[in-house]
Amino acid sequence: MNFFRYPTTWVFVGDETTCFDSLRKIIPPEQIVLFFTDPSEAEREVRLRWQSAMANSGSDGFEIDSLFRLMKTSSRFNQVSVVAADLGKRGRAAIELFERLSDCGVQRILLGEVSDEELAVREFNRGKIDRFVRRTETGACEKLLVFSRELENDWFSARGQMLDIDPETISHLSSISFGLYFTKLIDRFEIVEHYYGVSPRGVLCIDALGDHKFVVLASKGTLDDCLSSLENLQCPPDLLRDVKRREAITLLFDRVEGVGVNYDWLYNTVRIEELIPDRLWVGLHSEPPIDIDYDPKVHAFRANWSGE
């Protein structure tokens, strides 16, 4: 999975006679898509959005500790991850558009005819396009959607590689077991964005309305450290037993300032299950804390995109 992800904007450029008219009918309502018939207008919009994203992210935009700040940046949804352009009657206009956008980090899909395949292969080998779709082939619009989703995923994957994340975590989150677990969770709670964090270690998940969950990630070492920290604390006996059995993890969000304080053990505890034998345990917190400045009416996806 990607270490962070949120809805982005796709830009499609082509003549009115292309499959884009049909595409409008099958685009999911939660996907932001901008259509242009003029490559110059498309370039201007993509560049403006890219410049805005750069200005908002700052120099530490891909540091682990700063990822959660993205949640309060409503402009994140305006970022363009994929540009699809149709050769149409414009000759090399689509290729030239991709070349002009080479510094904006977008993924590129070229649409054309069967006769354009040689050109597409050449441009792919030059690294100027990422996918090619034959406009007249059966299921061209559906293929364009599939490619756009794949390339948006690649867009986040490339940015995730900029993060300094330990190899063990990368291995855990890349495993088939966690992938299946996380996919089910996304479907169950209709999650549209998520962010990896290290304190505590886990993934903050947010739906379109701003409701959030937290997936706790625990290794054997993490659980051993948790148990060791409980030795001098007045931990409830049942909870101590469950931690020893690796059925729960505690001390997640709030610090215990001293022995005997009125600590909220229930809120800071999550039931866990072993996902990768002796390597990874996961659990779900249904009401985790979130940045005090986060306002769902302002920052959530639904507040920024109606789907109309």
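The values are calculated or read from the model by the stated rules, or taken from the named source; none is laboratory data. Everything numeric in this text was worked out from a predicted model, so none of it was measured. All Cβ positions, glycine included, derive from the backbone under ideal geometry; neighbour counts span all protein chains shown. For the accessible areas, the whole protein counts, side chains as well, though only heavy atoms, and no ligand, DNA or RNA atoms are used. Shrake-Rupley method; radii C 1.70, N 1.55, O 1.52, S 1.80 Å.
Filter segment 244-272 down to residues that are closer than 26 Å to Leu180 by Cβ and in contact (Cβ under 8 Å) with a residue 12 or more places away in the chain, then give me how many there are.
Of the residues in segment 244-272, 9 are closer than 26 Å to Leu180 by Cβ and in contact (Cβ under 8 Å) with a residue 12 or more places away in the chain.
Given (1) open to solvent by less than 40 Å² (accessible area, probe 1.4 Å); (2) free of Cβ contacts under 8 Å to residues at least 40 places away in the same chain; (3) charged (D, E, K, R), where does Asp166 come up short, assuming only one miss?
Among (1) open to solvent by less than 40 Å² (accessible area, probe 1.4 Å); (2) free of Cβ contacts under 8 Å to residues at least 40 places away in the same chain; (3) charged (D, E, K, R), the lone unmet condition for Asp166 is (1).
Any residue at all in segment 98-117 that is part of a helix (DSSP H, G or I), aromatic (Phe, Trp, Tyr) and closer than 30 Å to Ala55 by Cα?
Looking for residues that are part of a helix (DSSP H, G or I), aromatic (Phe, Trp, Tyr) and closer than 30 Å to Ala55 by Cα, one finds at least one in segment 98-117, hence yes.
Tally the residues that are of a type in the set (Asp, Glu), assigned to a strand (DSSP E or B) and open to solvent by 10 Å² or more (accessible area, probe 1.4 Å), restricting the search to segment 184-208.
Total meeting the criteria: 1.
Restricting segment 224-243 to residues that are part of a loop (DSSP other than H, G, I, E, B) and free of Cβ contacts under 8 Å to residues at least 24 places away in the same chain, which is farthest from the chain's Cα centre (by Cα)?
Per the criteria, the residue is Glu231.
Go through segment 254-287 and report how many residues are under 25 Å from the mean Cα position of the chain (by Cα), farther than 23 Å from Ile170 by Cα and of a type outside the set (S, T, N, Q).
1
I'm checking my understanding of the structure. Among residues of segment 110-136 that are among the acidic types (Asp, Glu) and within 31 Å of the chain's Cα centre (by Cα), which one is least open to solvent (accessible area, probe 1.4 Å)?
Glu123
Going through Leu239, Leu275, Leu233 one at a time, which residue ends up being buried (at least 16 other Cβ atoms within 10 Å of the Cβ) and touching a helix residue (DSSP H, G or I) at 6+ places or on another chain (Cβ under 6 Å)?
Only one candidate qualifies: Leu275.
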